[in-house]
Amino acid sequence: MKKSFIGASIVIFIILSVIFYLLKTYAPSYRFNVLMGANAIILLLSVISFFIVGKSISERPEAFVRGVYGATFFKLMVCMASIMIYALLNKKDIHKPTLFILFGIYAVYTAVETLLLSRQARKVK
């Protein structure tokens, strides 16, 4: 299961990176560095939380819900803090569509992580 999660995460990272590069090329108003940084941070957080929740599932399958909620909340707080820092540093020059894409990155990684963790929890029972 770990290999499939890491593989899926890398595929998502590559697909999002290509999309961001195309945005940089065809719509230069999007903040490429911010999008790629967020993509890398969420990938890292997603992999870390997957392993933490996966370990708790193997020890106690009923810990799935608590683990997924905790990991999702942690990633959301990191995203919110990062977006607040970005907004405070760029008060005059905020590109709002970039902010919405940042939440989209969070949603994509969280959906894939939750899907794969729920499969793992079903196999453990």
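Only residues that are outside any loop (DSSP other than H, G, I, E, B) and either at pLDDT 95 or above or aromatic (Phe, Trp, Tyr) (or both): list them for segment 19-39, please.
20, 21, 26, 32
Considering only segment 81-122, state which residues are aliphatic (A, V, I, L, M), closer than 21 Å to residue 12 by Cβ and loosely packed, with under 14 Cβ neighbours inside 10 Å.
107, 111, 115
Test residue 87 against the stated conditions and say whether it is assigned to a helix (DSSP H, G or I), within 15 Å of the chain's Cα centre (by Cα), within 15 Å of residue 102 (Cα to Cα) and small (Gly, Ala, Ser).
It is false that residue 87 is assigned to a helix (DSSP H, G or I), within 15 Å of the chain's Cα centre (by Cα), within 15 Å of residue 102 (Cα to Cα) and small (Gly, Ala, Ser).
Within segment 40-64, how many residues are over 18 Å from the mean Cα position of the chain (by Cα) and assigned to a helix (DSSP H, G or I)?
Count: 9.
So, of the residues in segment 42-69 that are without any contact (Cβ under 8 Å) to a residue 12 or more places away in the chain and not aliphatic (A, V, I, L, M), which turns out to be surrounded by the most Cβ atoms within 10 Å (Cβ to Cβ)?
Among them, the one singled out is 56.
Tell me, which residue of segment 12-31 that is of a type in the set (Phe, Trp, Tyr) and more than 18 Å from residue 106 (Cβ to Cβ) is surrounded by the most Cβ atoms within 10 Å (Cβ to Cβ)?
The extreme case among them is 21.
The values are calculated or read from the model by the stated rules, or taken from the named source; none is laboratory data. Bear in mind the structure is a predicted one, so any value in this text is a computation, not a measurement. Here the Cβ is made from the backbone with ideal geometry for all residues, glycine too, and neighbour counts use every protein chain on show.
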